[in-house]
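Asker: I have a structure here, written as structure tokens, and I will follow up with some questions on it.
The values are calculated or read from the model by the stated rules, or taken from the named source; none is laboratory data. Here the structure is a predicted model, which means the values were calculated and not measured. All Cβ positions, even for glycine, are placed from backbone atoms using ideal geometry, and neighbour counts span all protein chains on display. Ligands, DNA and RNA are excluded from the accessible area calculation, which covers all protein heavy atoms including side chains. Shrake-Rupley method; radii C 1.70, N 1.55, O 1.52, S 1.80 Å.
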Amino acid sequence: MWFRRKQSRPLAYDPARQQPVIRASICTGEQTACLRDRKTGRLEEVMLLRTTEDRRAFCRACGMDEDKVEIIY
């Protein structure tokens with residue numbers, strides 16, 4: 001019933017081929033962490049961001065600052 005939150009691990013992605021982005025809904029404000037393919041623009045969802053701590057964990061896993069991650073609508 002009570003689950004522990006998993007520790008964030010570095011994401012296995014190729015920075016030359018993929019870019020970490022946050023996709024946000026204009027209507028509901030829901031945010032999803034994604035990896036965007038630089039060539040095709042295709043998004044691969046990684047996790048749902050419910051809190052600011054989730055957002056920080058995603059940025060740490062990518063090895064980027066929170067200010068550097070692009071938000072797309």
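Asker: Looking at the stretch 13-34, I want the residues that are farther than 16 Å from Ala61 by Cβ and have a partner that is aromatic (Phe, Trp, Tyr) with Cβ atoms under 8 Å, at least 6 apart or on another chain. Which pairs are those?
Answerer: Cβ pairs passing all conditions: Arg23/Tyr73; Ala24/Tyr73; Ser25/Tyr73; Ile26/Tyr73.
Asker: Output the number of residues of the stretch 52-66 satisfying the condition of being open to solvent by less than 70 Å² (accessible area, probe 1.4 Å) and without any contact (Cβ under 8 Å) to a residue 40 or more places away in the chain. Give the derivation first.
Answerer: We begin by selecting, within the stretch 52-66, every residue open to solvent by less than 70 Å² (accessible area, probe 1.4 Å); these are 54-55, 57-59, 61-64.
Still in the list and also without any contact (Cβ under 8 Å) to a residue 40 or more places away in the chain: 54-55, 59.
The qualifying residues number 3.
Asker: Would you check which residues across the stretch 1-37 are among the β-branched types (Val, Ile, Thr) and either modelled with pLDDT under 95 or exposed (fewer than 14 other Cβ atoms within 10 Å of the Cβ) (or both) and list them?
Answerer: Keep residues of the stretch 1-37 that are among the β-branched types (Val, Ile, Thr), which gives 21-22, 26, 28, 32.
Hits for the stretch 1-37 are Ile26, Thr28.
Asker: Tally time: how many residues in the stretch 38-51 are open to solvent by less than 60 Å² (accessible area, probe 1.4 Å) and part of a loop (DSSP other than H, G, I, E, B)?
Answerer: Residues flagged as open to solvent by less than 60 Å² (accessible area, probe 1.4 Å) and part of a loop (DSSP other than H, G, I, E, B) within the stretch 38-51 amount to 1.
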